[in-house]
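*Asks:* Structure below; questions to follow.
The values are calculated or read from the model by the stated rules, or taken from the named source; none is laboratory data. This is a predicted model, so every value here is computed, not measured. Using ideal geometry, Cβ is built from the backbone for each residue, glycine included, and neighbour counts are taken over all protein chains shown.
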Amino acid sequence: MGGSRGWSRGDEVWLWSYVGVMALGAVVFGVWARNPLGVPRVEYVVAAAIPVWSGTWYAVMALGGGQTEVAGQTTYWARYVDWVVTTPLLLVALALTATHALPRFPRRLVAALVAADVVMITAGALADLAEAAAWRYALHGLGWLGLVAVLALVWGPLRRLAEQQPPAMAAAFRRVALLLSLLWLGYPLVWLLGPSGLGLVGQTTDTALFVLLPAVSKVVWSVVDLTELRTLSRRGELRVA
């Protein structure tokens, strides 16, 4: 994953819009938690914590903070402070969906997922902080390896665990896992196309994409994930071993 380098005052509109979406998401998850419909409350806590943390750091950026100068350009390290917390939480939420009907939560597998994820985020941060283009691309490549490791664990051992659940629950996992996988593939691609990489898209477009992509991968994805579970509960198909 990666970030962009510098933006105009007009881009603040995108940042504050993101903060608003995060606030709305946190409220929605809080309201849903009052009527959990058989979905464990921890899932709502995780879903709400993601937009609260992420929105806080985007507010910091909108106010002009969370940045440093690297080779005469501004690098917004606050994005990585956001991502290093929220992406592991998204993986925890995914693992909870994968193992809801199973007797044990796969702590070691989740630890491996989080470790690969932290490598991915750290590599992205170092890539944005690197002055030399060669180092930026090398670290970007390391971030790709971290992402591949995450996806391999999701679609390997975690999927196999999910398939031990009732068919409807296993299918729900596959849908939300596919959505999250596709969204996460977008991050390094946007970085590569933007000012930090090849520069094929302008700064405003880059900023907009790094607002829209996290908004969908955090709040919208969590809405889809919880809706899947709540729907299964209404149908009487959300079972626990």
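*Asks:* How many of the residues in region 151-206 are surrounded by 14 or more Cβ atoms within 10 Å (Cβ to Cβ), among the polar types (S, T, N, Q) and closer than 15 Å to Pro106 by Cβ?
*Replies:* 1
*Asks:* State the number of residues belonging to region 123-154 that are over 16 Å from Tyr76 (Cβ atoms) and either under 15 Å from the mean Cα position of the chain (by Cα) or in a helix (DSSP H, G or I) (or both).
*Replies:* 22
*Asks:* Here is a further query. Would a scan of region 30-52 turn up a residue that is of a type outside the set (Lys, Arg) and under 23 Å from Pro188 (Cα atoms)?
*Replies:* Among the residues of region 30-52, at least one is of a type outside the set (Lys, Arg) and under 23 Å from Pro188 (Cα atoms), which makes the answer yes.
*Asks:* Looking only at region 28-73, which residues are under 17 Å from Glu228 (Cβ atoms) and either surrounded by 19 or more Cβ atoms within 10 Å (Cβ to Cβ) or hydrophobic (A, V, I, L, M, F, W, C) (or both)?
*Replies:* Listed by number, the residues that qualify are Val28, Phe29, Trp32, Ala33, Leu37, Val39, Val42, Glu43, Tyr44, Val46, Ala47, Ile50.
*Asks:* Take Leu209 and decide whether it is without any contact (Cβ under 8 Å) to a residue 40 or more places away in the chain, under 27 Å from Ala23 (Cβ atoms), more than 12 Å from the chain's Cα centre (by Cα) and buried (at least 20 other Cβ atoms within 10 Å of the Cβ).
*Replies:* yes
*Asks:* For the subset of region 188-241 comprising residues that are over 18 Å from Val92 (Cβ atoms) and among the aromatic types (Phe, Trp, Tyr), which member is modelled with the highest pLDDT?
*Replies:* Among those residues, the one meeting the criterion is Phe210.
*Asks:* Then there's this: Is it true that Ala171 is hydrophobic (A, V, I, L, M, F, W, C) and more than 23 Å from Asp117 (Cβ to Cβ)?
*Replies:* Taking the combined requirement at face value, the residue satisfies it.
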